[in-house]
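Here's the structure we're looking at; comments come further down.
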């Protein structure tokens with residue numbers, strides 16, 4: 001199943017060709033080398049610091065783990081698209097309606113080579129993309145501001161510029177973690193097949209309300 005879904009393309013860069021491959025499976029991921037730059041620094045921690053964490057995500061039902069590979073064997077970038085955990089707010093909309101882009105990251109020495117947009121493009125190639133609400137939550141405390149030499153506001157604009165061409169829009173929410181910092185951002189892409197009822201429920205859910213689950217006493 002995954003093998004049939006998997007797509008790949010070559011991205012020419014100043015550092016050599018980079019292979020972008022979607023729907024990577026755990027066995028495949030464990031065969032690649034994981035760039036050591038994905039780790040813990042004094043001012044920044046990568047979202048995924050171990051190859052095994054990527055493999056674990058790839059094993060989840062419906063997940064799309066996209067890898068950027070240098071020399072066809074070294075992981076120098078990745079993207080992870082999965083369903084939210086059962087206890088998260090966004091799972092309340094219903095089973096398998098919302099999917100989260102948990103991470104897009106390219107190691108420092110390979111940035112500015114146009115790899116991140118290609119990873120996002122591959123993540124969008126989910127066979128049921130138009131039946132989903134795909135969301136990304138950007139928390140400023142997870143951003144590599146030192147490595148990019150940007151302020152949090154500038155990095156926020158960079159994320160907006162990355163996601164907006166792929167149909168994502170910014171949405172307001174009272175989700176506590178998003179509200180902690182003004183630079184934090186929620187962006188979503190609503191699939192063409194999402195019903196108006198689900199859209200209305202999503203509007204409520206963004207502000208912590210789910211009236212469709214409320215029990216009304218008719219007496």
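Above 22 Å lies some portion of the pair distances; for segment 7-115, what is it as a whole percent of all C-alpha pairs? For segment 7-115, the share of Cα pairs beyond 22 Å comes to 34 percent. Could you calculate the FRET efficiency of residue 31 with residue 197 from 1/(1 + (r/R0)^6), where r is the beta carbon distance between them and R0 is 45 Å, rounded to 0.05? Result of the calculation: an efficiency of 0.50. Inter-label distance, residue 10 to residue 139: 4.0 nm, where each label sits 7 Å from its Cα along the C-beta direction.
Working ranking of peptides 99-109, 139-149, 118-128 by packing, defined as the average number of other Cβ atoms within 10 Å per residue, highest first, is 99-109, 118-128, 139-149.
For a paramagnetic label modelled on residue 177 (point 7 Å from Cα along Cα→Cβ), amide N atoms under 12 Å away belong, within segment 130-163, to 136-142. In plain terms, if you count all Cα to Cα distances in segment 113-219 and split them into 10 Å steps from zero, the share in each step is 12, 37, 32, 13, 4, 1, 0 percent. All Cα-Cα distances of segment 16-70, cut into 5 Å bins from zero to the largest, leave 4, 19, 27, 25, 15, 9, 2 percent in each bin in turn.
Averaging 1/r over every pair of different alpha carbons in segment 2-209 and inverting the result gives a Kirkwood radius of 17.6 Å.
The order of the peptides 38-48, 14-24 by mean Cβ neighbours within 10 Å, most packed first, is 14-24, 38-48. Provide the percentage of antiparallel DSSP beta bridges, counting only those with both residues in the chain; round to the nearest 5. Roughly 85 percent of the DSSP beta bridges within the chain come out antiparallel. In the chain, the DSSP-assigned H stretches of four residues or longer account for a calculated mean residue ellipticity at 222 nm of -6500 deg cm²/dmol, using -39500 (n - 2.57) per stretch and the full residue count as denominator. Fully extending the segment from residue 60 to residue 166 would add 35.7 nm, taking 0.36 nm per residue of separation and subtracting the current Cα-Cα distance. Between the helical axis of 152-163 and the longest alpha-carbon principal axis of the chain there is an angle of about 90 degrees.
Take the Cα of residue 154, step 7 Å toward its Cβ, do the same at residue 209, and the gap between the two points is 4.0 nm.
All of the numbers you see were taken from the coordinates with simple rules; none came from a lab. None of these values were measured; they are calculated from a predicted model. A quick note on method: Cβ atoms are made from the backbone with ideal geometry, for glycine too, and the neighbour counts reach across all protein chains shown.
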